[in-house]
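Participant: Take a look at this one; I'll ask things after.
Taken together, the values in this text are just the output of simple stated rules run on the coordinates, not laboratory data. Small disclaimer: the values here were computed from a predicted structure and weren't measured. With ideal geometry, Cβ positions are generated from the backbone for all residues, glycine too; neighbour counts draw on all protein chains shown.
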Amino acid sequence: MSNLLEKSFNMGLGLFAYSREKIENMVDELVNKGEVARKDAQGFVSDLVKKGEEQREELKKIIRDEIKDGSCS
């Protein structure tokens, strides 16, 4: 059951974090509009991906703690 819960949780993370491809597309649009310099684009993508991964891990920890403590009932 916890495996199913974790799979469902991981699927739901799409609401909190964009895929790398979507982030790259968004940054490309910003570059094309002149809002981000081309030379800064890759660093910007990396920063956004890293922040998304950090938020995902933080959310996983919160949910695991809640399940472990039995607070979700």
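Participant: Taking θ as phi - 60°, what are the ³J(HN,Hα) couplings along segment 44-55 by the Karplus curve (6.51, -1.76, 1.60), each to the nearest whole Hz, with x for Gly and Pro?
Facilitator: Along segment 44-55, the couplings run 5, 4, 4, 4, 5, 5, 4, 5, x, 5, 5, 5 Hz.
Participant: If you don't mind, another one. Output wanted: per-residue J couplings in Hz (rounded whole) for segment 28-40, from phi through Karplus 6.51 cos²θ - 1.76 cosθ + 1.60, θ = phi - 60°, x for Gly and Pro.
Facilitator: Residue by residue, segment 28-40 yields 4, 5, 5, 5, 4, 7, x, 8, 9, 6, 3, 5, 9 Hz.
Participant: Shifting gears a bit: Between Leu30 and Arg64, what's the calculated FRET efficiency when r is the beta-carbon distance and R0 is 30 Å? Round to 0.05.
Facilitator: Between Leu30 and Arg64 the formula returns 0.30.
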